[in-house]
Amino acid sequence: MIISGKDLALEVKNDVAERVKQCVAEYGRPPHLVVILVGENPASVSYVAGKGRDAEEVGFKNTTIRKPESISEEELLGLIAELNADESVDGLLVQLPLPKHISEAKVIEAIAKEKDVDGFHPLNVASLWQKLPCLLPCTPKGIIKLLDKAGVQIEGKKAVVIGRSNIVGLPVSKLLLDRNATVTIAHSRTKNLAQVTSEADILVVAIGKPLFVTADMVGEGAAVIDVGVNRHPETGKLCGDVDFEACKEKASVITPVPGGVGPMTRACLMENTLECYLNKMMNK
Ligand code: GUN
């Protein structure tokens, strides 16, 4: 079974859109998401455009601020401080990666925790690992929703996550652990990787290498979640970290690229923006 992230994302966004209408009636304005894009990285330009489209679709106010690659760290931090202080802004994110002269750690830390719709702020990350209320990072949250939608049982299952990034690998491992899976975090230097992954009931791949996971690495009946967004080395077409055509024969459920995890990440961003807005409105 191929799990359509597009279809589930639409369901999530429709639900957000309904709630936005009620919010406007109750609080007089929709949630406002601000996305900062530095430079011209084509992948980032495309991701940010997608976020803007989804924000429009659910009825948010949506502002994209584009800054040149040459912006100084100081100026970017100043802009973030202004947006933190701006009462009309509910959610704020800076698209990553950033140019080398700007510290991503400083930028992430500068965003007010209450507006951190990405869930990247160290205080949000700490809350996640301490099981305290927090904003869940969008891609990991979307992956759990996809597994639930596909009817994949998580509790008691063996999950293997390939990749240990702050954005996906580590937080999705934590969410799977919190659902009582037994989790192995693997990576490019894991010995006998195929042996480890082929024992997984749930295999999440976020390593950023085109077609890295081959059929021999997938156990019969596994649920395979492909977080990769790459260019195919020969065709130049968008492809995941998983050799989809070969692996779909062995998997019980599998996500396609495009149309799998990507749309869910954006749908969860919309949910998180609404959550930030509601937290603010209800604490007033
Ligand atoms: N770059 C790749 N994924 C993401 C994301 O989820 N948020 C931000 N801000 N940048 C990214």
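The values are calculated or read from the model by the stated rules, or taken from the named source; none is laboratory data. Here the structure is a predicted model, which is why all the values come from computation and not from measurement. We place every Cβ from the backbone using ideal geometry, glycine too, and count neighbours over all the protein chains shown. Ligands, DNA and RNA are excluded from the accessible area calculation, which covers all protein heavy atoms including side chains. Shrake-Rupley method; radii C 1.70, N 1.55, O 1.52, S 1.80 Å.
Summary table
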read-out	value
Qualifying residue in segment 61-75 (condition: modelled with pLDDT of 95 or more, more than 16 Å from the ligand (Cβ to nearest atom) and under 27 Å from Glu275 (Cβ atoms))	yes
Residue count for segment 144-203, restricted to those that are more than 14 Å from the chain's Cα centre (by Cα), hydroxyl-bearing (Ser, Thr, Tyr) and either at pLDDT 95 or above or open to solvent by less than 70 Å² (accessible area, probe 1.4 Å) (or both)	5
Selection from segment 251-274 of residues that are more than 16 Å from the ligand (Cβ to nearest atom), under 15 Å from Leu146 (Cβ atoms) and either open to solvent by less than 30 Å² (accessible area, probe 1.4 Å) or without any contact (Cβ under 8 Å) to a residue 12 or more places away in the chain (or both)	Ala251, Val253, Ile254, Thr255, Pro256, Gly259
Test: residue in segment 126-138 that is polar (S, T, N, Q) and out of contact with any helix residue (DSSP H, G or I) (no Cβ under 7 Å at 6 or more places or on another chain)	yes
Test: residue in segment 39-56 that is more than 16 Å from the ligand (Cβ to nearest atom) and crowded, with 18+ Cβ neighbours inside 10 Å	no
When residues of segment 82-92 are limited to those that are among the hydrophobic types (A, V, I, L, M, F, W, C) and within 15 Å of the ligand (Cβ to nearest atom), the one most open to solvent (accessible area, probe 1.4 Å)	Leu83
Residue satisfying all of: in segment 93-105; aliphatic (A, V, I, L, M) and within 10 Å of the ligand (Cβ to nearest atom); nearest to Leu33 (Cα to Cα) among these	Leu93
Leu123 touching a Lys or Arg at 6+ places or on another chain (Cβ under 8 Å) and buried (at least 18 other Cβ atoms within 10 Å of the Cβ)	no
All positions within segment 63-75 that are in contact with a strand residue (DSSP E or B) (Cβ under 9 Å, 6 or more places away or on another chain) and either open to solvent by less than 40 Å² (accessible area, probe 1.4 Å) or part of a helix (DSSP H, G or I) (or both)	Ile65, Ile71, Glu75
Index of the failed condition, Val34 passing every other in (1) surrounded by 20 or more Cβ atoms within 10 Å (Cβ to Cβ); (2) aliphatic (A, V, I, L, M); (3) part of a helix (DSSP H, G or I)	(3)
Subset of segment 106-132 (residues that are out of contact with any Leu (no Cβ under 6 Å at 6 or more places or on another chain), within 13 Å of the ligand (Cβ to nearest atom) and either free of Cβ contacts under 8 Å to residues at least 24 places away in the same chain or on the phi > 0 side of the Ramachandran plot (or both))	Ile108, His121
Which numbered condition Tyr277 misses (of (1) in contact with a strand residue (DSSP E or B) (Cβ under 8 Å, 6 or more places away or on another chain); (2) assigned to a helix (DSSP H, G or I); (3) within 16 Å of the ligand (Cβ to nearest atom))	(3)
Filtered residues of segment 204-232 (kept if open to solvent by less than 30 Å² (accessible area, probe 1.4 Å) and at pLDDT below 95)	none
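Each row is one residue, and each column tells you yes or no for (1) closer than 23 Å to Gly260 by Cβ; (2) in contact (Cβ under 8 Å) with a residue 12 or more places away in the chain; (3) not in a loop (DSSP other than H, G, I, E, B).
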position: Lys13; (1), (2), (3): yes, yes, yes
position: Val48; (1), (2), (3): yes, yes, yes
position: Leu77; (1), (2), (3): no, yes, yes
position: Glu82; (1), (2), (3): no, no, yes
position: Pro97; (1), (2), (3): yes, yes, no
